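**Q** Pasting a structure below so you can have a look.
The values are calculated or read from the model by the stated rules, or taken from the named source; none is laboratory data. All figures in this text were calculated on a predicted structure; none of them were measured in a lab. Cβ coordinates were reconstructed from backbone atoms using ideal geometry, including for glycine residues, and neighbour counts include every protein chain displayed. Surface accessibility is based on the protein's heavy atoms, side chains included, excluding ligands, DNA and RNA. Shrake-Rupley method; radii C 1.70, N 1.55, O 1.52, S 1.80 Å.
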Amino acid sequence: CFLHNATMFAVAQKNYAYIYDNTGAEIHELKDHIDPMALDFLSHHWLLVSVGRSGWLKYHDTSTGDLVTQHRTRLGSCNVMRQNSSNGIMHLGHHNGTVTLWSPSSQESLVKMLCHKGSPVTSLVVSDNVMVTGGADRQVKVWDLRMFKQTHAYFSSAGVPTSLDISQRGVLGVGHAGHATFWRPEALRVKEKDPYMNHQMQGCSPVQTLRFRPFEDVCGIGHAKGVSSI
């Protein structure tokens, strides 16, 4: 993930997390972040957040280089993490189907929700008061964070939803198997019958990451054979 600007980015590697500059030179080795599986950056707080194989959620201040705090989730390894950019709360998706919400100031999770009963959470995304989760049960569920209740759900017929993202205009993107499916903004408020676009990538399965580019109608898709943009 990129840090406060495009000149530095953090990478989760096998043993530790590392920070590189835009020339590819290694700047820092963060040995406090052991076996990280997901990284995110809270730009308003200058905090690099990691969660890893050991199940520890760690916050690192990139302005001072200090480890601010670390929380034990007690839910095993975790590789699904997204932030709510409106309030800085971190959302973690776990293998037991739960999603937990975390703040640096609390040693215990703020909220614990059972989102996919009996199935691991494979992806999630948060936009203001809406959270969308994807599970190994092929369900894509839309949640209202004001009440912590599910509003509706979609079935991912193409495969397990491995990546989710919401654009600045409210378009929901779903990456599953060798497909990328896009739903209109209305699909987050009421249940739509069909997506408005389905992009198929032959021989590129599975889709690992799907992200919208800010300020442009462009979506980047990372898959088994590299990166595509549509």
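**Q** Restricting attention to the range 167-179, and to residues there that are closer than 19 Å to Lys225 by Cβ and over 16 Å from the mean Cα position of the chain (by Cα), which single residue is least open to solvent (accessible area, probe 1.4 Å)?
**A** Of everything passing the filter in the range 167-179, Gly178 is least open to solvent (accessible area, probe 1.4 Å).
**Q** Out of Asn79, Asn96, report the one residue that is farther than 23 Å from Ala17 by Cβ and of a type in the set (S, T, N, Q).
**A** On inspection, the qualifying residue turns out to be Asn96.
**Q** Mind checking which residues of the range 21-36 are in a loop (DSSP other than H, G, I, E, B) and not small (Gly, Ala, Ser)?
**A** If the condition is that a residue be in a loop (DSSP other than H, G, I, E, B) and not small (Gly, Ala, Ser), then Asn22, Thr23, Lys31, Asp32, His33, Ile34, Asp35 are the ones that fit.
**Q** Also: Return the residues of the range 182-199 that are open to solvent by less than 10 Å² (accessible area, probe 1.4 Å) and within 16 Å of Gly222 (Cα to Cα); say none if nothing qualifies.
**A** Answer for the range 182-199, where residues must be open to solvent by less than 10 Å² (accessible area, probe 1.4 Å) and within 16 Å of Gly222 (Cα to Cα): just Phe182.
**Q** What are the residues in the range 37-90 that are part of a loop (DSSP other than H, G, I, E, B) and closer than 22 Å to Val132 by Cβ, if any?
**A** Those that are part of a loop (DSSP other than H, G, I, E, B) and closer than 22 Å to Val132 by Cβ: Ser43, Thr73, Leu75, Cys78, Asn79, Ser85, Ser86, Asn87, Gly88.
**Q** Can you work out which of the residues in the range 10-60 that are among the aromatic types (Phe, Trp, Tyr) and open to solvent by 60 Å² or more (accessible area, probe 1.4 Å) is nearest to the chain's Cα centre (by Cα)?
**A** So, considering only residues that are among the aromatic types (Phe, Trp, Tyr) and open to solvent by 60 Å² or more (accessible area, probe 1.4 Å), the one nearest to the chain's Cα centre (by Cα) is Trp56.
A quick yes/no check of all residues on (1) surrounded by 23 or more Cβ atoms within 10 Å (Cβ to Cβ); (2) more than 17 Å from the chain's Cα centre (by Cα); (3) within 16 Å of Gly97 (Cβ to Cβ):
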position	(1), (2), (3)
Ser123	yes, no, yes
Asp128	no, no, no
Arg146	no, yes, no
His152	no, yes, no
Ser157	no, yes, no
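**Q** Can you pull out every residue in the range 210-230 that is open to solvent by less than 60 Å² (accessible area, probe 1.4 Å) and either farther than 17 Å from Ser127 by Cβ or among the aliphatic types (A, V, I, L, M) (or both)?
**A** Selection gives Leu210, Val218, Gly220, Ile221, Gly222, His223, Gly226, Ser228.
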